[in-house]
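Derivation of every value follows stated rules applied to the coordinates shown; laboratory data play no part. Note that the coordinates shown come from a computational prediction; the quantities given were computed from them, not determined experimentally. Neighbour counts are summed over all protein chains in view; Cβ atoms, including those assigned to glycine, are modelled from backbone coordinates with ideal geometry.
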Amino acid sequence: MDPLIGIHHVTAITSSAEKIYDFFTYILGMRLVKKTVNQDDISTYHLFFADDKGQAGTDITFFDFEGMSKAMPGTNSIARTSFRVPNDESLSYWVKRFDKYKVKYEEIVEIFGRKALYFYDFDDQPYALFSDEKDTGVASGIPWQKGPIPLEFAITGLGPIYLNTSWPEDMEKRLTEILLMKKTAEIGDVTLYEMGEGGNGASVIVTKTTDLPQARLGYGGVHHVAFRVFDEEAIYAWTHRLDQFGARNSGFVDRFYFQSLYTRLHPGILFEFATEGPGFIDDEESYEILGETLALPPRFRNQRDYVEKTVRHFDTVRSTKTFEKEYL
């Protein structure tokens, strides 16, 4: 059984597609590589922010479900998403950037030998930036070349994913025995698990949180986390493995941009397995205009008129703009 490669993507929920676009584009400097719809609810946007080419392991995505209440943080949840930056000096740059743009953040900390900077968006969605200075694991991506962040400080991909649990023994069993991750470090109630080559792009940080209430999903919270697998054959292999353990799952799901498999191995947490490709450069959008049109997978293109009348139009064209690198 081939091990999981690393983190593929994280999907979160936002109160505003327009505001999250501005936050990730102009403040975080990540590239919108696909503006499409939720394939299970085509009246809702699904936005993908990633590295320069939209590579697996670099993207965070957002739904904007209408009428949803705010998330309530708590146990048995995906508690925080993190991103990778090149080195410790990058974190100092981001502190100055967050000050300039009035982004809420905390003091730089060190966890499992890696420096990190915690911060929050307008929905109080929790994030972190992790320094790759001492990282030796799975490779990261390529920063958005034409974005506003100097390339030597820019976000390159996804870092460790934080999970909260009331049942740490059960979580450990699920991650190690079923998902074949390795438990590599432990500090008090916080445990580090790694997959594949390990490192920032292949890590899960689990915190024992028996003193917290059950989390409630909403805007400002994370919907699911996806792990990287090579191809469609791997999806079927993992489906068979989940079946062997009696774990309920979705079976194969074709998302056009990648193929997927979903399962709830732990209460309150949705895990996905997603393939490395095909990716976001496709028949609708070339590299130069990624994320600038309302893109639809082929099976929804005959419903384009309905979709365009239902979702709110907002401008995401960047190929005609010039972003000056902001040195602070």
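Some observations on this one:
- Separation of the residue 236 and residue 177 label points, Cα + 7 Å toward Cβ, nm: 2.8
- A dipole drawn for the chain from +1 and -1 charges on Cβ atoms has a positive end, and of 273, 32, 13 the residue lying farthest that way is 13.
- Using R0 = 35 Å, the C-beta based FRET efficiency linking residue 2 and residue 190 works out to 0.80.
- Nearest-0.05 FRET efficiency for residue 248 and residue 110, computed from C-beta distance (R0 45 Å): 0.70
- Additional length obtainable on full extension of the chain from residue 317 to residue 151, 0.36 nm per residue less Cα span: 57.6 nm
- About its Cα centre, the chain has a charge dipole of approximately 500 debye under the convention of +1 per Lys or Arg Cβ and -1 per Asp or Glu Cβ, with nothing else charged.
- For region 103-146, the dipole from Cβ point charges (+1 on Lys and Arg, -1 on Asp and Glu) about the Cα centre works out to 220 debye, to the nearest 20.
- Packing, taken as the mean count of other beta carbons within 10 Å per residue, orders the peptides 21-31, 144-154 from highest to lowest as 21-31, 144-154.
- When the helices of the chain are scored as -39500 (n - 2.57) per DSSP H run of n ≥ 4 and the total is divided over every residue, the value at 222 nm lands at -4000 deg cm²/dmol.
- Modelled FRET efficiency - R0 41 Å, residue 214 with residue 309, Cβ distances, 0.05 increments: 0.60
- 16 Å Cα-Cα reach of residue 70 towards aspartates and glutamates, excluding residues that sit fewer than 8 places from it in its own chain: 121, 123, 124
- Dipole moment magnitude, nearest 20 debye, region 124-269 about Cα centre, only Lys, Arg, Asp, Glu C-beta charged: 340
- Antiparallel bridges, percent of DSSP beta bridges restricted to the chain (to nearest 5): 70
- Listed candidates (i) 197; (ii) 125; (iii) 265 - label of the one calculated as volume of the Cα convex hull per residue in Å³: (ii)
- Counting only DSSP beta bridges with both residues in region 163-281, the antiparallel share comes to about 70 percent.
- Note on residue 325: aspartates and glutamates with a C-alpha under 18 Å away, same-chain residues under 8 apart excluded, are 22, 51, 52, 89, 99, 152.
- Using the Karplus relation 6.51 cos²θ - 1.76 cosθ + 1.60 with θ = phi - 60°, the per-residue 3J(HN,Hα) values for region 276-287 come to 5, x, x, x, 9, 7, 9, 6, 9, 9, 7, 3 Hz, with x marking Gly and Pro.
- Classification of region 99-216 by its C-alpha gyration tensor yields an oblate form. The axis ratio a/c (a ≥ b ≥ c) is 1.5 or more, and b/c is at least a/b.
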